[in-house]
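Take a look at the structure below.
The values are calculated or read from the model by the stated rules, or taken from the named source; none is laboratory data. Quick caveat: nothing in here was measured; it's all calculated off a predicted structure. So basically every Cβ, Gly included, is an ideal-geometry build from the backbone, and we count neighbours across all protein chains shown.
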Amino acid sequence: MSMWIYFQGLESSELPVRPAGFDALFDVEFDELRRRVRAGDAVWLEAGFFQLDEIYLLQSHLGRDRELPIFEGRHIPDPGGGPGHVALDPPEVARTAAYLERVSFPDQWQEWRQLPSSESDEELRERLAQYHDDLRAFYARSAEQGSAVVKHFSF
């Protein structure tokens, strides 16, 4: 089974009112999703995002913003029973961008590797470091534009 999270930046006025509207945002051809990622308007994470969330959670001294980059935000339930969506309004996007700017991935990786549940292989480190860089750039751009962010989950 494939699991992934897709992050899309958009104008606040474009945030759907109903859950079905969130589904419609992502009911497009796969090539369109990839085009959005290449344009910097979106980020796609596959394997490893649970570990990246754990790495961010180690930053307890930076407050609750550490929960925003991956899973947190306003949950939009899926009437069909799926994982639903998550939305961040522009102020949350700005806080997330500021948080990611302060996080040192190498420092967090070293701290996380000390946990008994950690996986410390080089391939995972490289993937998570790339995800961190992608998220940092995406949230910085979204915050600069005053955009909201919607997260689409597939588990």
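Here residue 69 meets each of (1) modelled with pLDDT of 90 or more; (2) more than 15 Å from residue 149 (Cβ to Cβ) with one exception, condition (2).
Taking the stretch 129-155 as the region of interest, how many residues are modelled with pLDDT under 95 and either surrounded by fewer than 14 Cβ atoms within 10 Å (Cβ to Cβ) or in contact with a Cys (Cβ under 6 Å, 6 or more places away or on another chain) (or both)? Residues in the stretch 129-155 being modelled with pLDDT under 95 and either surrounded by fewer than 14 Cβ atoms within 10 Å (Cβ to Cβ) or in contact with a Cys (Cβ under 6 Å, 6 or more places away or on another chain) (or both): 2 in total. Considering only residues in the stretch 1-27 that are polar (S, T, N, Q) and touching a strand residue (DSSP E or B) at 6+ places or on another chain (Cβ under 8 Å), the one that is surrounded by the fewest Cβ atoms within 10 Å (Cβ to Cβ) turns out to be 2.
Looking only at the stretch 87-101, decide whether some residue is assigned to a strand (DSSP E or B) and in contact (Cβ under 8 Å) with a residue 60 or more places away in the chain. Yes - at least one qualifying residue is present in the stretch 87-101. Exactly one residue among 111, 126 is acidic (Asp, Glu), surrounded by 12 or more Cβ atoms within 10 Å (Cβ to Cβ) and modelled with pLDDT under 95, and that residue is 111. In the stretch 23-40, the residues that are touching a residue at least 60 places away in the same chain (Cβ under 8 Å) and closer than 27 Å to residue 79 by Cβ form Cβ pairs under 9 Å with partners that are surrounded by 11 or more Cβ atoms within 10 Å (Cβ to Cβ) and of a type in the set (A, V, I, L, M), at six or more places apart or across chains, as follows: 25/10; 25/150; 26/33; 26/150. Restricting to the stretch 77-103, name every residue that is buried (at least 19 other Cβ atoms within 10 Å of the Cβ) and over 14 Å from the mean Cα position of the chain (by Cα). Residue satisfying the conditions is 103 alone.
Just to be sure I understand, how many residues within the stretch 28-41 are surrounded by fewer than 13 Cβ atoms within 10 Å (Cβ to Cβ) and within 18 Å of the chain's Cα centre (by Cα)? Walk me through how you get there before you give the answer.
Within the stretch 28-41, the first condition is being surrounded by fewer than 13 Cβ atoms within 10 Å (Cβ to Cβ), and the residues that meet it are 28-32, 34, 38-39.
Imposing the further condition that a residue be within 18 Å of the chain's Cα centre (by Cα) reduces the set to 34, 38-39.
Of the residues in that region, 3 qualify.
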